[in-house]
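These notes are about the structure you will find just below.
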Amino acid sequence: MEFKLAVIPGDGIGVDVIREAVRVLDRVGEVYGHTFHYEYRLVGGCCIDAHGVPIEEETLRTCEDCDAILFGAAGGPKWDHLPREGRPERGLAALRRGFNLYCNLRPAKIYEAIQDNSPLKGEITAKGVDLMLVRDLIGGIYFGEKGTRQGKYGPEAYDVECYSVFEVERVARQAFSIARSRRNHVTSIDKSNALESSRLWRETVTRIHDCEYPEVGLTHLLVDKAAMELACNPGRFDVMLTTSIFGDILSDEAGVATGSVGMLASAAINDKKFGLFEPIHGTAPDIAGMGIANPLAAIGAAGMLLEIGLGLKEEAHAVDRAIHAVLRDGYRTSDIYRGGREERSVTTEVMGRETAARIGQ
């Protein structure tokens, strides 16, 4: 089969790690008989430097003609002086808005070979951690009404948390659908004891469950309790469903539990499963181009692209097996290297090459 992918390395280590993700995709194509055609585009600070804007309209048109988007990272201190609307991150926001990528998928699991890297106690990680956090991405407090005003005690600023029933329904359906293909349980997280928006969230999630997905287990948790459970008993979670701001915080907590943000991939999808697939680690400009960044998050994102974006489940599982294998064989980039006798400290390129070599083995 032939596929057309928009490849957007972006800024910082995005360039380093996306190169290795493409290497793995090429190997998948060789083994499974697919051809991937790549459309490379600039988004972020690199696009500002080249064209004066964080994203070009031509890039949006190019992505419309592609089957999925593979994205690196955007931003860095070099562009922090720019006004908010002109900063590198606005390019990523334009992609999310332009393609209605409202559903963010953030898997977090502990690979057995690097289990000791987790800050959690051994008796906790021994139970296994393999969860999928599903969060709304383009609604809630980050995108609600905001501003400054003169208040009772002087100048004040405000940000409004607002959700419609429609917004909750669509992300809830994604979570329940994903749970069906996993361990069949959703934990919905809110703050319904204090927030009106969370009360609507809980009521809507419950109704969608009862009417459309009664066979899927459903538990409700307050966000503070969920945060404690992630630290003490993360193995209890299968699919976690929550709002934009709660998901932003909880997904980073879940990520730390795995041992390194360099291992964590993510996806942003719409109703048609068209999506943008990326690592979560950011641009890390201090190590960009040094050959020490961990490409496994970007490679994991490529695996998510194969499974979710292109429907190639067998190929996606081959990528996951290759990640397991390269770690089992002792290959480590600096973020996960602990100096063990069986470990080999390697560069970004070597880690990518060795992972690609294990596709199909």
Log entry, pairs with first residue in the stretch 145-163 being under 22 Å from residue 192 (Cβ atoms), second being hydrophobic (A, V, I, L, M, F, W, C) and in a loop (DSSP other than H, G, I, E, B), beta carbons closer than 8 Å, six or more apart or on different chains, reads 145/160; 145/162; 161/195
Residue count, the stretch 270-295, condition of a type in the set (A, V, I, L, M, F, W, C), in contact with a strand residue (DSSP E or B) (Cβ under 8 Å, 6 or more places away or on another chain) and closer than 20 Å to residue 24 by Cα, comes to 3
**Item:** Flag if residue 159 is acidic (Asp, Glu) and exposed (fewer than 15 other Cβ atoms within 10 Å of the Cβ)
**Value:** yes
Assess whether residue 12 counts as being within 28 Å of residue 334 (Cβ to Cβ), at pLDDT 95 or above, in a strand (DSSP E or B) and of a type outside the set (Ser, Thr, Tyr).
-> no
Q.
Among the residues of the stretch 45-60, are any surrounded by fewer than 22 Cβ atoms within 10 Å (Cβ to Cβ) and among the β-branched types (Val, Ile, Thr)?
A. yes
message: Considering only the stretch 231-240, I want to know if a residue exists there that is crowded, with 24+ Cβ neighbours inside 10 Å and closer than 30 Å to residue 67 by Cα.
response: yes
Query raised in the report: Restricting attention to the stretch 103-111, does a residue exist that is farther than 30 Å from residue 232 by Cα and among the aromatic types (Phe, Trp, Tyr)?
Result: no
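Within the stretch 151-165, is there a residue that is assigned to a loop (DSSP other than H, G, I, E, B), among the β-branched types (Val, Ile, Thr) and touching an Asp or Glu at 6+ places or on another chain (Cβ under 6 Å)?
As a first pass, look at the stretch 151-165 and keep what is assigned to a loop (DSSP other than H, G, I, E, B): 152-153, 160-164.
Add one more test, that the residue is among the β-branched types (Val, Ile, Thr), and what stays is 160.
Next, only the ones that are touching an Asp or Glu at 6+ places or on another chain (Cβ under 6 Å) stay: 160.
There is at least one residue in the stretch 151-165 that is assigned to a loop (DSSP other than H, G, I, E, B), among the β-branched types (Val, Ile, Thr) and touching an Asp or Glu at 6+ places or on another chain (Cβ under 6 Å).
Residue-by-condition table, conditions (1) at positive phi; (2) hydrophobic (A, V, I, L, M, F, W, C); (3) free of Cβ contacts under 8 Å to residues at least 12 places away in the same chain; (4) touching a Leu at 6+ places or on another chain (Cβ under 6 Å):
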position: 56; (1), (2), (3), (4): no, no, no, no
position: 60; (1), (2), (3), (4): no, yes, no, no
position: 69; (1), (2), (3), (4): no, yes, no, yes
position: 74; (1), (2), (3), (4): no, yes, no, yes
position: 84; (1), (2), (3), (4): no, no, yes, no
position: 89; (1), (2), (3), (4): no, no, no, no
position: 100; (1), (2), (3), (4): yes, no, no, no
All conditions in (1) within 17 Å of residue 137 (Cβ to Cβ); (2) surrounded by fewer than 23 Cβ atoms within 10 Å (Cβ to Cβ); (3) of a type in the set (Gly, Ala, Ser); (4) out of contact with any helix residue (DSSP H, G or I) (no Cβ under 7 Å at 6 or more places or on another chain) are true of residue 255 except (4)
Only unsatisfied item for residue 6, checking (1) touching a helix residue (DSSP H, G or I) at 6+ places or on another chain (Cβ under 9 Å); (2) not in a strand (DSSP E or B), is (2)
Expected single match for buried (at least 19 other Cβ atoms within 10 Å of the Cβ), of a type in the set (Gly, Ala, Ser) and over 16 Å from the mean Cα position of the chain (by Cα) among 76, 86 is 76
Just one listed residue, out of 298, 322, is in contact (Cβ under 8 Å) with a residue 40 or more places away in the chain, surrounded by 22 or more Cβ atoms within 10 Å (Cβ to Cβ), in contact with a strand residue (DSSP E or B) (Cβ under 8 Å, 6 or more places away or on another chain) and on the phi < 0 side of the Ramachandran plot, and it is 298
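Which one is farthest from residue 304 (Cα to Cα), of the residues in the stretch 103-147 that are part of a strand (DSSP E or B) and charged (D, E, K, R)? Give the derivation first.
Filtering the stretch 103-147 down to residues part of a strand (DSSP E or B) leaves 103-109, 130-136, 146-147.
Still in the list and also charged (D, E, K, R): 106, 109, 130, 135-136, 146.
Details: 106: 10, 109: 14, 130: 15, 135: 16, 136: 18, 146: 34 Å.
For the stretch 103-147, the residue satisfying everything is 146.
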Qualifying residue in the stretch 187-201 (condition: touching a strand residue (DSSP E or B) at 6+ places or on another chain (Cβ under 8 Å), of a type outside the set (D, E, K, R), farther than 19 Å from residue 133 by Cβ and in a strand (DSSP E or B)): no
Criterion first (touching an Asp or Glu at 6+ places or on another chain (Cβ under 9 Å) and surrounded by 17 or more Cβ atoms within 10 Å (Cβ to Cβ)) does residue 359 satisfy it? yes
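Is it true that residue 42 is part of a strand (DSSP E or B) and surrounded by fewer than 24 Cβ atoms within 10 Å (Cβ to Cβ)?
Details: part of a strand (DSSP E or B): no; surrounded by fewer than 24 Cβ atoms within 10 Å (Cβ to Cβ): yes.
No: the conditions fail for residue 42.
The values are calculated or read from the model by the stated rules, or taken from the named source; none is laboratory data. Please read all numbers here as calculations on a predicted model, not as lab measurements. Here Cβ is always computed from backbone atoms with ideal geometry, including for glycine, and neighbour counts include all displayed protein chains.
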